[in-house]
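Everything below concerns the one structure shown next.
The values are calculated or read from the model by the stated rules, or taken from the named source; none is laboratory data. In this text, all values refer to a predicted model and were calculated from it rather than measured experimentally. Cβ atoms come from the backbone with ideal geometry, glycine included; neighbour counts cover every protein chain shown. The accessibility values were calculated without ligands, DNA or RNA, using every heavy atom of the protein model including side chains. Shrake-Rupley method; radii C 1.70, N 1.55, O 1.52, S 1.80 Å.
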Amino acid sequence: MKIALLGYGKMGKVIERIALERGHEIVMRKAGKDSFEGLENADVAIDFSVPDAAISNISTCLNSNMPVISGTTGWLDNYDKMVSLCEEKNGAFIYGSNFSLGVNIFFELNDHLAKIMAKFDQYKVAMEEVHHTQKLDAPSGTAITLAKGIIDNSDYSSWALENAKEDEILIDAKRIENVPGTHSVFYNSEVDTIEIKHTAHSRDGFALGAVIAAEWIQDKKGVFTMKDVLDLK
């Protein structure tokens, strides 16, 4: 498989290493304001860029009939536009707030626990996410996905970074040097706490999941998620 890397920072370099280990070829590396020259030589594009570049990267791929995997977070106000463009162009698109196989299993656990805990109003949910200091968005896209999973399965209506109201999930977003990503969900009552937690030890898990998604999307059309890739639906 020939891969175009849109974004060539730390994650892009890890994806390159993992892809090469799995026998794939990198035919394009786009960093910063580089052009899209060479995109046409790829079978699939993987976007791990920055929020300001993601929409341009994704739309260029869809307009070029290039399947695209995006793990960039912080741009989701425009997600529906990208979905519409994909459908208009009969393209192939996967967005994931986190491509780690372990995190996507964690998402499923979070959804299931939220359904159980919705019956017990003595518990108040809260979340914590910790990432490296270079991460641009807060809370993380993974934390937002976790919060959405709780909201979809309970009476909570939204999330907040501070001063959370009764029907809001408080997310404590911390930035600490050299932390790949840790996410915790707490259900606190006066007598106990129930906690589920995922700790990433390196970026390799994120990169592997993105490459697996790129392998999976070959010859497919539509808008997908990691639930489709991992057959978790």
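Listed by first and then second residue, the pairs with beta-carbon distance under 9 Å, at least 6 apart or on different chains, first residue in region 109-123 and more than 9 Å from I150 (Cβ to Cβ), second exposed (fewer than 12 other Cβ atoms within 10 Å of the Cβ) and of a type in the set (S, T, N, Q), are Y123/T193. Would you mind stating whether E21 is farther than 19 Å from A92 by Cα, at pLDDT 95 or above, more than 22 Å from the chain's Cα centre (by Cα) and not small (G, A, S)? Against the criterion (farther than 19 Å from A92 by Cα, at pLDDT 95 or above, more than 22 Å from the chain's Cα centre (by Cα) and not small (G, A, S)), E21 qualifies. Just to be sure before I move on: is D121 surrounded by fewer than 15 Cβ atoms within 10 Å (Cβ to Cβ), part of a helix (DSSP H, G or I) and out of contact with any Ser or Thr (no Cβ under 7 Å at 6 or more places or on another chain) in the structure I sent? No; evaluated as a whole, the condition is false for this residue. Taken over region 80-110, residues that are within 29 Å of K197 (Cβ to Cβ) and either open to solvent by less than 60 Å² (accessible area, probe 1.4 Å) or not β-branched (V, I, T) (or both) amount to 16. The number of residues in region 43-59 that are of a type outside the set (D, E, K, R), surrounded by fewer than 24 Cβ atoms within 10 Å (Cβ to Cβ) and outside any helix (DSSP H, G or I) comes to 2. Out of the residues in region 1-25 meeting the condition of being open to solvent by 20 Å² or more (accessible area, probe 1.4 Å) and in a strand (DSSP E or B), tell me which one is farthest from T60 (Cα to Cα). For region 1-25, the residue satisfying everything is E25. Within region 28-42, the set of residues being free of Cβ contacts under 8 Å to residues at least 40 places away in the same chain and either under 17 Å from G71 (Cα atoms) or surrounded by 16 or more Cβ atoms within 10 Å (Cβ to Cβ) (or both) comprises M28, R29, K30, A31, G32, F36, L39.
The set of residues in region 68-79 that are surrounded by 24 or more Cβ atoms within 10 Å (Cβ to Cβ) and part of a loop (DSSP other than H, G, I, E, B) comprises G71, T72, T73.
Of all positions in region 126-140, at least one carries a residue that is under 17 Å from the mean Cα position of the chain (by Cα), open to solvent by 40 Å² or more (accessible area, probe 1.4 Å) and small (G, A, S). Within the option set T199, T193, being open to solvent by 40 Å² or more (accessible area, probe 1.4 Å), free of Cβ contacts under 8 Å to residues at least 60 places away in the same chain and under 23 Å from K115 (Cβ atoms) holds for one residue only, T193. For K174, the stated conditions do not hold, so it cannot be described as open to solvent by 70 Å² or more (accessible area, probe 1.4 Å), without any contact (Cβ under 8 Å) to a residue 40 or more places away in the chain and either touching a helix residue (DSSP H, G or I) at 6+ places or on another chain (Cβ under 9 Å) or not aliphatic (A, V, I, L, M) (or both).
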